[in-house]
Amino acid sequence: MTRLLSFVFALALCVFVAPHGGAPRAAEPSAGDYKSLDQDVQSLQKDILDVSRDLFVLEEELLFPATTQVSVFVSMDVGEFFQLDSVQLKIGGKEVASYLYTPREIEALKRGGVQRLYVGNVKQGDHELVAFFTGKGPHDRDYKRGATVTFKKGIGPKYIELRIVDQENKQQPEFTVNQWE
């Protein structure tokens, strides 16, 4: 975008320079001319940003049409009994996403944040989703657990939440899968 703006600015400056060949030079531009040029450049910037946003929305609609779209999210409740390190996601036996978390991201999840782990396309029908959670469990032991769900993909987007919840009575983490329409 900065290249385009530089080009537009250079093109605008060419208006004030006389052509080669000895032709008389144009009058020096006034402050009003620069102000008008600045407004034109700002207007052009706004138009470019609007087009960029529209292209992003169009790209999302083309790549992930609502009839085949599946989105998978990760959330966490408290996290006293489990310190998340990574998540691996498989749909239909094929690995589709894997994510390694930073301490800052873990804190955001503990405060109620939700991470979009995966957005993709699947055909209509039944599909198996398997998520593997790796981290530190109770008593600082290495912990790897899985959660599995079979979901039916119909018409329209499908939203699935992988939720890590502390079970106070067992002092263990619980991994649940919620489906949203």
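Those residues that are modelled with pLDDT of 90 or more, β-branched (Val, Ile, Thr) and within 24 Å of Thr68 (Cα to Cα), I need them from segment 131-159; list them, please.
Selection gives Thr148, Val149, Thr150.
Between Ile155, Ile160, which is in the same structural domain as Val78 (by TED's automatic domain parsing), farther than 14 Å from Gln88 by Cβ and surrounded by 12 or more Cβ atoms within 10 Å (Cβ to Cβ)?
Ile160
Could you grab me the full set of residues in segment 71-88 that are surrounded by 13 or more Cβ atoms within 10 Å (Cβ to Cβ) and either free of Cβ contacts under 8 Å to residues at least 60 places away in the same chain or not hydrophobic (A, V, I, L, M, F, W, C) (or both)? Please lay out each step first, then the result.
To start, the set of residues in segment 71-88 that are surrounded by 13 or more Cβ atoms within 10 Å (Cβ to Cβ) comprises 71-77, 79, 81-88.
The answer is Ser71, Ser75, Asp77, Gly79, Gln83, Asp85, Ser86, Gln88.
Show the residue pairs that are 6+ apart or on different chains and have beta-carbon atoms under 8 Å apart, the first residue being within segment 150-165 and at positive phi, the second being outside any strand (DSSP E or B) and β-branched (Val, Ile, Thr).
From residues that are at positive phi, the pairs are Gly156/Thr67.
Tell me which residues, restricted to segment 63-105, are in a strand (DSSP E or B), more than 16 Å from the chain's Cα centre (by Cα) and under 22 Å from Thr176 (Cβ atoms).
Here is the first cut: in segment 63-105, the residues in a strand (DSSP E or B) are 69-77, 83-91, 94-100.
Restricting the remaining residues to those that are more than 16 Å from the chain's Cα centre (by Cα) gives 76-77, 83-91, 94-95.
Across segment 63-105, the qualifying residues are Met76, Asp77, Gln83, Leu84, Asp85, Ser86, Val87, Gln88, Leu89, Lys90, Ile91, Glu95.
Here are some conditions: (1) closer than 15 Å to Val74 by Cα; (2) surrounded by 15 or more Cβ atoms within 10 Å (Cβ to Cβ); (3) free of Cβ contacts under 8 Å to residues at least 60 places away in the same chain. Gly137 meets all but one. Which one does it not meet?
Of the numbered conditions (1) closer than 15 Å to Val74 by Cα; (2) surrounded by 15 or more Cβ atoms within 10 Å (Cβ to Cβ); (3) free of Cβ contacts under 8 Å to residues at least 60 places away in the same chain, the odd one out for Gly137 is (1).
Given the condition within 26 Å of Leu63 (Cα to Cα), of a type in the set (Gly, Ala, Ser) and out of contact with any Cys (no Cβ under 8 Å at 6 or more places or on another chain), answer yes or no: does some residue in segment 122-136 qualify? Give the derivation first.
First, pick out the residues of segment 122-136 that are within 26 Å of Leu63 (Cα to Cα): 122-131.
Narrowing further to those that are of a type in the set (Gly, Ala, Ser): 125, 131.
Filter once more, so that each one left must be out of contact with any Cys (no Cβ under 8 Å at 6 or more places or on another chain): 125, 131.
There is at least one residue in segment 122-136 that is within 26 Å of Leu63 (Cα to Cα), of a type in the set (Gly, Ala, Ser) and out of contact with any Cys (no Cβ under 8 Å at 6 or more places or on another chain).
The values are calculated or read from the model by the stated rules, or taken from the named source; none is laboratory data. Worth saying up front: this structure is predicted, and the values here are computed from it rather than measured. Note that each Cβ is placed from the backbone with ideal geometry, even for glycine, and that neighbours are counted across all protein chains shown.
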